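The values are calculated or read from the model by the stated rules, or taken from the named source; none is laboratory data. This structure is a prediction, so every number in the text was calculated from the model and none was measured. To get the accessible areas, we keep the full protein, side chains included, count just its heavy atoms, and leave off ligands, DNA and RNA. Shrake-Rupley method; radii C 1.70, N 1.55, O 1.52, S 1.80 Å.
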Amino acid sequence: RCIFGFLYTYILKRRIYMSGSDSGVGGGIGSGPFGGRSAACNTLAIETMLSSPKPDVIEQLSVGDRLEIELLQLGGIEKVVACLDGQHAGGLVQQADRVKSCIEQGFSFQAEVRDINGARVTVFVSCR
């Protein structure tokens, strides 16, 4: 469930900020794996499709709906997923590693549903 991803993200954020080990979190241009906090995360915007969409969740979606982007442990691998009201709707196809890195740095993302064509769901992901 996506709520576990939310809890993981919350705990990770608390650990980073409470431990004082946030020196990499506020880095400027050129720091971090993707060019720094503001350069890579604040402006990150991706249009992509959901991978492995969950039919029971997808049938509840409408164009314009907003989904939360969270980290979720699936089969021992941490995935970037889109959630509707705590339900896993599907994963991100493109740039999931970049989004994951930004979430681990404390950024939050959302996705707006742009198109639904059967099981094919196109979303626009951005930092909020």
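Some points to look at:
- ³J(HN,Hα), Karplus 6.51/-1.76/1.60, whole Hz, each residue of region 107-124, x for Gly, Pro: 7, 10, 10, 9, 10, 9, 6, 9, 7, 10, 9, x, 8, 8, 10, 9, 10, 10
- Sequence of 66, 114 from largest to smallest accessible area, 1.4 Å probe: 66, 114
- Taking amide H positions as modeled 1.01 Å from N, with prolines and chain starts lacking one, the residues under 5 Å from residue 88 and 5 or more places away or on another chain are 2.
- Share of carbon and sulfur in the accessible heavy-atom surface of region 45-112 [1.4 Å probe, %]: 43 percent
- Tail weight of P(r) past 21 Å, computed on alpha-carbon pairs of region 36-128, percent: 24 percent
- With all protein chains modelled, accessible area of residue 80 [1.4 Å, Å²]: 10 Å²
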